[in-house]
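> Below are the structure tokens for one structure; questions will follow.
The values are calculated or read from the model by the stated rules, or taken from the named source; none is laboratory data. For clarity, every value in this text was computed on a predicted model and none was experimentally measured. Methodologically, a virtual Cβ is constructed for each residue, glycine included, from the backbone with ideal geometry; neighbour enumeration extends over all protein chains shown.
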Amino acid sequence: MTPANIVAMAALKNLDVIAVTDHNSCKNCPALMSMAEQYEIIAIPGMELCTLEEVHVLCLFETLSDAMDFDDYVSSTLIKVPNNERIFGKQQVYNAMDQCIGEEPYLLINATEISFDQLDGVMEKFHGVYIPSHIDKSSNSLLSNLGFIPPDARFRSAEVKDINHLPELLKNNPYLNDCNIITNSDAHALAFINEPVNFLQVKERSIEGVLEALL
């Protein structure tokens, strides 16, 4: 799952747009975007944030600069627990030549001190789009961890792991009827990167076009 291998697999599968959203880190986004440019694939810089409530949220950015500024902010809020490689594996950072240039010392699947209700303000500051992740899962999701959608919620898109769950989700959570619902690979290994079976209607083929469609 190095940046080069991810992009190469995406190219083999004829994908137009990808996003790599490591847990609580954007540090592999520079390498990813550099490699994707060579294959003419749109790579959106992003992160899967773990909030204070341990709700997973996809955070996507229009520019790499905004993503890296957000990475600095999240690093300052991450609850510092040393990573145990024997249990959780290595947390490696790669450069544009696909060479490992460092490792993150603190456990990245841990919670941050950013609460879900702070996200509107935080993402406005960093010019990003946030999408509650896999809301149909029984753990680390908005509905499983909070038990409800906050009445003052302002997110415009939500992600489901299994699209077959959507009718029940819409029935039980009226707010979602006004949202864009997306589904994707959520791949944690190269073999699980999807074929081009999911589509998003955009006005232009660019990061800006994708984020505009999500909003």
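> Could you tell me whether region 9-29 includes any residue that is at pLDDT 95 or above, closer than 30 Å to GLN118 by Cβ, in contact with a Pro (Cβ under 8 Å, 6 or more places away or on another chain) and hydroxyl-bearing (Ser, Thr, Tyr)?
So far as region 9-29 goes, no, none of its residues is at pLDDT 95 or above, closer than 30 Å to GLN118 by Cβ, in contact with a Pro (Cβ under 8 Å, 6 or more places away or on another chain) and hydroxyl-bearing (Ser, Thr, Tyr).
> Could you pull out the residue among ILE109, ILE135, ILE114 that is surrounded by 13 or more Cβ atoms within 10 Å (Cβ to Cβ), under 16 Å from GLY46 (Cα atoms) and of a type in the set (A, V, I, L, M, F, W, C)? Even if it seems obvious, please write down each step before you answer.
Details: ILE135 fails: under 16 Å from GLY46 (Cα atoms); ILE114 fails: under 16 Å from GLY46 (Cα atoms).
Answer to the selection: ILE109.
> Just give me the residues in region 188-211 being of a type in the set (Gly, Ala, Ser) and either at pLDDT 95 or above or in contact with an Asp or Glu (Cβ under 6 Å, 6 or more places away or on another chain) (or both), in sequence order.
SER206, GLY209 - these are the residues of region 188-211 that are of a type in the set (Gly, Ala, Ser) and either at pLDDT 95 or above or in contact with an Asp or Glu (Cβ under 6 Å, 6 or more places away or on another chain) (or both).
> When both residues are 6+ apart or on different chains and their Cβ atoms are under 7 Å apart, which pairs have a first residue that lies in region 91-112 and is free of Cβ contacts under 8 Å to residues at least 40 places away in the same chain and charged (D, E, K, R), and a second that is buried (at least 16 other Cβ atoms within 10 Å of the Cβ) and part of a loop (DSSP other than H, G, I, E, B)?
Pairs found: GLU103/GLN91.
> Picking from VAL93, VAL122, which residue would you name as being surrounded by fewer than 20 Cβ atoms within 10 Å (Cβ to Cβ), at pLDDT 95 or above and within 20 Å of GLU54 (Cα to Cα)?
Of VAL93, VAL122, the one residue that is surrounded by fewer than 20 Cβ atoms within 10 Å (Cβ to Cβ), at pLDDT 95 or above and within 20 Å of GLU54 (Cα to Cα) is VAL122.
> For region 84-199, which fully contained helices (runs of 4 or more DSSP H) count at least 1 residues that are within 29 Å of MET33 (Cα to Cα) and touching a Phe, Trp or Tyr at 6+ places or on another chain (Cβ under 6 Å)?
119-125
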